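Notes follow the structure.
The values are calculated or read from the model by the stated rules, or taken from the named source; none is laboratory data. Predicted model, so just to flag it, every value in this text is computed and none were measured. Counting neighbours? That spans all protein chains shown, and the Cβs are built from the backbone with ideal geometry, glycine included. Calculation scope for accessible area: heavy atoms of the full protein, side chains included, ligands and nucleic acids excluded. Shrake-Rupley method; radii C 1.70, N 1.55, O 1.52, S 1.80 Å.
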Amino acid sequence: MQLNKGLSIMVQNTTSAVDAVQCLTGCTLGNQRLVVQDFGKHNYTFISHHSNRAAELKMKDICYPDQESFHALEKTLAKQKGTVQQVARLQAMLDEWVKWLLAMEDCDVFEVRETSHLPPQAEMSSKYLVCGLCQDPVLVSRAVKLHGHFVCFPCAQWAQESHSDIVWH
Ligand SMILES: [Zn+2]
């Protein structure tokens, strides 16, 4: 098993683009060669572990055709149940955008530059400990220390937000 060989990718959104990246590259969440941070940005970093170089793709601020009427219709449909015609119109506009995007030159969609982003480290430890609050087994590297106890992320967040007395197990 050579987890650190080959390609790793970092993605900054949770759209269907993540599915495309996984399908096309074989870098998946499961094999830990894909790191997803949902910042709502179409930014992608491709890291070659062979050459130790990384390329960063950032989507440009693209002005879609008929953008205003699309967003107006989208807003209407979010507020109320639209007519079949309105829903079909929105889908047709989306389909047009996809065609329009695919016809563009790559360099007009993405800005590409070399970056010194560090490759994500593959998870090497498989050791688990038990969360001091919910009792779920949690990967050691994902546990955080809270008042001297190890807890999982959701419990740490809950403990930070809640001011009630915490009962430790
Ligand atoms: Zn927990």
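Structure notes:
- Rolling a 1.4 angstrom probe over the protein heavy atoms with all chains in place gives the range 40-96 an accessible area of 70 Å² per residue.
- Cross-linked pairs Lys41/Lys75; Lys58/Lys99; Lys41/Lys127; Lys60/Lys99: Cα-Cα separations exceed 29 Å for Lys41/Lys127.
- 5 angstrom amide H check on Gly132, placed H, neighbours 5+ away: Phe150, Val151, Cys152
- Centroid-to-centroid separation of the range 85-102 and the range 46-84 [C-alpha atoms, Å]: 13
- Within the accessible area of the range 33-169 (1.4 Å probe), percent carbon and sulfur: 55
- Stretch in the chain that is longest and holds no trypsin sites (Lys or Arg not before Pro) that DSSP places in a loop and that have at most 14 other beta carbons within 10 Å: 82-126
- Ordered from highest to lowest accessible area with the whole protein assembly present and a 1.4 Å probe, Val138, Val35, Val84 read as Val84, Val35, Val138.
- For Arg33, residues with placed amide H under 5 Å, excluding near neighbours: Thr28
- With eigenvalues of the C-alpha gyration tensor scaled by 5 and rooted, the chain, Å: 38, 27, 13
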